[in-house]
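Accompanying notes for the structure given below.
The values are calculated or read from the model by the stated rules, or taken from the named source; none is laboratory data. None of these values were measured; they are calculated from a predicted model. Cβ atoms come from the backbone with ideal geometry, glycine included; neighbour counts cover every protein chain shown. When the accessible area is computed, the model is the full protein with side chains, heavy atoms only, and any ligands, DNA or RNA have been set aside. Shrake-Rupley method; radii C 1.70, N 1.55, O 1.52, S 1.80 Å.
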Amino acid sequence: MHGPALSGWLLMALCALTGAYCLLRTRTGTGEERRTARAEALMGFGMAAMAVPAAVVAPPAWAWAVYAALFGAAALRALWFSRRSGHHLHHLVGSSAMVYMAVAMAGPGATAHGGHGSHTMAAAGGVPLLTGLLLAYYAAYVLRSGARLIPVAATASGGGAVAGGGVAAGGPAPGGWAARPELALACRLTMGISMFAMLLTM
């Protein structure tokens, strides 16, 4: 998670931009779409904060407890709303992964090596089986999201009419940039890749 400073800053910027776009999406769409956007904005900003290189800005020891509590609550919220939409199960996995990484970072090994860049996460360790399962999940999620993004992006660039009466040929999507489906998918793909990268350092 806290790799070399440059890659850490790049990952932080990418996650922060993704979170900002998800926050923009909370202004449009149905109630379910806004709930989804809020959950994804929280995930993006949380991952951005966690990606800050520890060698540059070492978080206080209590910060990991705050992370665990915040994303523990987010996991419970996702579990509750999963009754309405299966996509919230993905949010449940993501929030649980954030809790897992926060708990690992709060361990004695990570504390002893705090502020030493890539050594911090390596020292934190984790449960290899659980880390492997999460890596497998996010690898599959990234591949699936990438495959879904290609036809959506092609449809959007082609300017064709959306089934069900949506965007006219060459016209902007209702709601502007916040309502573009290919951008929402791209944000989810970005967060999936970022989560995979964070878990890979454990």
Residue among 102, 97, 106, 75 that is touching a residue at least 60 places away in the same chain (Cβ under 8 Å), of a type outside the set (Asp, Glu) and surrounded by 15 or more Cβ atoms within 10 Å (Cβ to Cβ) = 97
task = Only residues that are more than 16 Å from the chain's Cα centre (by Cα) and within 14 Å of residue 42 (Cβ to Cβ): list them for the range 78-94, please.
result = 81
ask   = Applying the selection to the range 1-24, what residues are surrounded by 22 or more Cβ atoms within 10 Å (Cβ to Cβ), modelled with pLDDT under 90 and either among the aliphatic types (A, V, I, L, M) or more than 26 Å from residue 201 (Cα to Cα) (or both)?
value = 1
message = Would you confirm, using the coordinates I've provided, whether residue 30 is more than 21 Å from residue 200 (Cβ to Cβ), open to solvent by 60 Å² or more (accessible area, probe 1.4 Å) and of a type in the set (Val, Ile, Thr)?
response = yes
ask   = Among the residues of the range 144-164, is there at least one that is modelled with pLDDT of 85 or more and open to solvent by less than 30 Å² (accessible area, probe 1.4 Å)?
value = yes
Filtered residue count, the range 34-92, keeping only those that are among the hydroxyl-bearing types (Ser, Thr, Tyr) and under 21 Å from residue 16 (Cα atoms) = 2
